[in-house]
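Working notes for the structure below.
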2 protein chains.
Amino acid sequence: MLPMQAPDLALKELERAAKLPGMRGMYLATHVNNVELDDRRFWDVYAKAEELGWTIFLHPIDTIGRERTTRYYLKNLLGNPYDTGVAAASLIFGGVLDAFPKLEVNLPHAGGTLPGLIGRLDHGTKVRPELAHMKQLPSAYLRRFTYDTIGHDDQINANLIRLVGADRVVLGSDYCFDMGLANPVGDVERLDMLSAEERDLICGGTAEKLLGLE
Amino acid sequence: MLPMQAPDLALKELERAAKLPGMRGMYLATHVNNVELDDRRFWDVYAKAEELGWTIFLHPIDTIGRERTTRYYLKNLLGNPYDTGVAAASLIFGGVLDAFPKLEVNLPHAGGTLPGLIGRLDHGTKVRPELAHMKQLPSAYLRRFTYDTIGHDDQINANLIRLVGADRVVLGSDYCFDMGLANPVGDVERLDMLSAEERDLICGGTAEKLLGLE
């Protein structure tokens, strides 16, 4: 499992890297050696990221249920969004987003499974003793995350924007992978639900804000 | 793993049960002892279900990634729809729906992760060598399944109906569990996108057809 000193080393590296020119944000895996993201050993890293104003960009690694996703490239096609869903649920239910109210977290692949299962997470929060500690429904945290446009389907991207707001969605590409988008800007321009202002936010404005480039 | 004789026993039981009065369909887990649903050992069961005109109603059990979903009731909230997604992908990519063109399969919990990740499955099918055998995109199989209304969110249910068609969605309840719906018919009646005819299909007409009760 996780060596106990690793989060301390990560914090030291974050403090070092934050002083380098051009550094604007950080990547974090959707779990760390199967330790979920609400583990208290990570909270000093979150506190530092919040203090720096750095967005945490999540991306899956060693995805959930590897032994069930060995064929048909399911470890990526399903495993990636599945892992992002576990990470988002851990941050919500584990109190990380409450403890760090200004922390920005970006969920890849159009939020993985979070948008499509938010009703189920809300219902569970209303009825299950495991979630009796929650003061708000998971859907109240949807706008605490930002999302990318890698839904690979106009309707899925449109549903996401309707759910979380155009100002919480940023252009994704997954360049240079075969699972990336051939025409990322075109995918946004085809969504005729968007005003020009909303389109500009998705195509750069919100990313500028997240990266402190305004 | 799966004892080799189990599918033979299942087939014998199916043949026996099919002769009992009132039997109209069958339940199947989303995997069988971690053997996925496209395994050839199950195909005689599918052939018999197709011959009988029986719908196979899937439901998750021993869900994917148990060790990652032990807290916050995630084994149900995420694990159930995750497992249904693996099952649906296995039936599509493993050729079961091609081999049994009249087989009806119902996916619980508003289709689990399938509707929200269909764009990703389509894209993967276009670019990945693991899926070079596919003659159609996964989205072409969406209407091969039926789905229930247990999305726990009006927008999620509406998105599903828009994606697969009102005639492929049937009323769900999950009665008598706490994850069930308090007012299943009300959840359908609130969807003002539906015509009266579509509402009647969801609230009973399609289920009558699937169960041979017309």
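The values are calculated or read from the model by the stated rules, or taken from the named source; none is laboratory data. Predicted, not measured: the structure shown is a model, and the values here were computed from it. Reconstructed Cβ throughout: ideal geometry from the backbone, glycine too, with neighbour counts over all protein chains shown. Accessible surface areas use protein heavy atoms only, side chains included; no ligands, DNA or RNA. Shrake-Rupley method; radii C 1.70, N 1.55, O 1.52, S 1.80 Å.
Output the relative contact order of chain B, whole-number percent, from Cα pairs under 8 angstrom with separation of 6+ residues. Let's see the in-between values first.
Numbers: 294 pairs, mean separation 34.3, N = 214.
After rounding, I find 16 percent.
Dipole size in debye (nearest 20) for chain B around its Cα centre, Lys and Arg Cβ +1, Asp and Glu Cβ -1?
Numbers: 23 positive and 30 negative charges, 119 e Å.
That gives a dipole near 580 debye.
How would the protein assembly as shown be classified by its alpha-carbon gyration tensor: rounded, prolate or oblate, with rounded meaning a/c under 1.5 and the a/b versus b/c comparison settling the rest? Before the final figure, lay out each step's value.
Numbers: a/c = 1.81, a/b = 1.64, b/c = 1.11.
In terms of gyration-tensor shape, prolate.
What is the mean number of Cβ atoms from other protein chains located within 10 Å of the Cβ atom of each residue in peptide B:78-87, rounded to a whole number?
Working: counts 12, 4, 2, 6, 11, 2, 0, 7, 8, 0.
The shielding value for this peptide is 5.
Residues of chain B: accessible area per residue at 1.4 Å, in Å²? Could the numbers behind the result be given before it?
Details: 9610 Å² over 214 residues.
Heavy-atom accessible area per residue stands at 45 Å².
In A, who owns the beta-carbon nearest the axis carrying A over to B, and how many Å from it?
A:116, 1
List the lysines whose alpha-carbon lies under 16 Å from that of residue A:19, not counting same-chain residues fewer than 8 positions away?
A:48
Take chain B, connect every pair of alpha-carbon atoms lying under 10 Å apart with a spring to form a Gaussian network, then pick out the residue of B:55, B:70, B:113 with the largest mean-square fluctuation.
It is B:70.
Calculate the FRET efficiency for residue B:5 and residue B:71 from the Cβ-Cβ distance with a Förster distance of 41 Å, rounded to the nearest 0.05. Don't skip to the answer; put the middle values down first.
Values: r = 38 Å, r/R0 = 0.92.
Computed FRET efficiency for residue B:5 and residue B:71 comes out at 0.65.
If you take the accessible area of A alone, add that of B alone, and subtract the area of the pair, what total do you get in Å², probe 1.4 Å, to the nearest 100? Working shown, then result.
Details: alone 11890 and 11890 Å², together 19220 Å².
In total, chains A and B hide about 4600 Å² from solvent.
Once the label point is set 7 Å along the Cα-to-beta-carbon vector, what list of distances in nm do you get between residue B:67 and its counterparts in the other copies?
0.8
For the protein assembly as shown, what is the percent of antiparallel DSSP beta bridges, rounded to the nearest 5?
Details: 2 of 26 bridges.
About 10 percent, rounded to the nearest 5.
Taking trypsin sites (Lys or Arg not before Pro) that fall in a DSSP loop and have at most 16 other Cβ atoms within 10 Å as cut points, what is the longest piece of chain A between them? Present the calculation step by step, with values, prior to reporting the outcome.
Working: sites that count: A:19, A:24, A:71, A:102, A:135, A:190.
So the longest stretch without any such site is A:136-189.
Looking at the range B:1-146, send over the antiparallel percent of its DSSP beta bridges, to the nearest 5.
Values: 1 of 10 bridges.
Given both bridge residues lie in the range B:1-146, the antiparallel proportion sits at roughly 10 percent.
Would you mind giving the mean number of other chain beta-carbons within 10 Å of the Cβ of each residue in B:154-161, as a whole number?
Neighbouring Cβ atoms belonging to other protein chains average 3 per residue here.
Could you work out [θ]222 nm for the protein assembly as shown from helices alone, using -39500 (n - 2.57) per DSSP H run of at least four and dividing by all its residues? Round to the nearest 500 deg cm²/dmol. The partial results should precede the final answer.
On the way: 22 runs with 180 residues, N = 428.
That calculation yields -11500 deg cm²/dmol at 222 nm.
Beyond 29 Å, what percent of the Cα pairs of chain B remain?
Details: 5884 of 22791 pairs.
Above the 29 Å cut-off, chain B has 26 percent of its Cα pairs.
Based on alpha-carbon centroids, what's the gap between the range B:30-95 and the range A:55-93 in Å, whole number please?
18 Å
First compute the accessible area of the range A:1-97 with a 1.4 Å probe, then give the percent of it belonging to carbon and sulfur atoms. Walk me through the intermediate numbers first.
Values: 2340 of 4260 Å².
For the range A:1-97, the apolar C and S fraction of the accessible surface comes to 55 percent.
Could you give, in nm with one decimal, how far residue B:173 is from each other copy of that position, shortest first, with labels 7 Å out from Cα toward Cβ?
5.3
In terms of Cα to Cα distance under 22 Å, which lysines are near enough to residue B:126, apart from those fewer than 8 places away along the same chain?
Reachable lysines: A:75, B:135.
State, to one decimal in nm and shortest first, how far the label point of residue A:196 sits from each corresponding label point in the other identical copies (label point: 7 angstrom along Cα-to-Cβ).
4.6
Average partner chain C-beta neighbours within 10 Å, per residue of B:179-190?
On the way: counts 5, 2, 1, 3, 0, 0, 0, 0, 0, 0, 0, 0.
Mean shielding count: 1.
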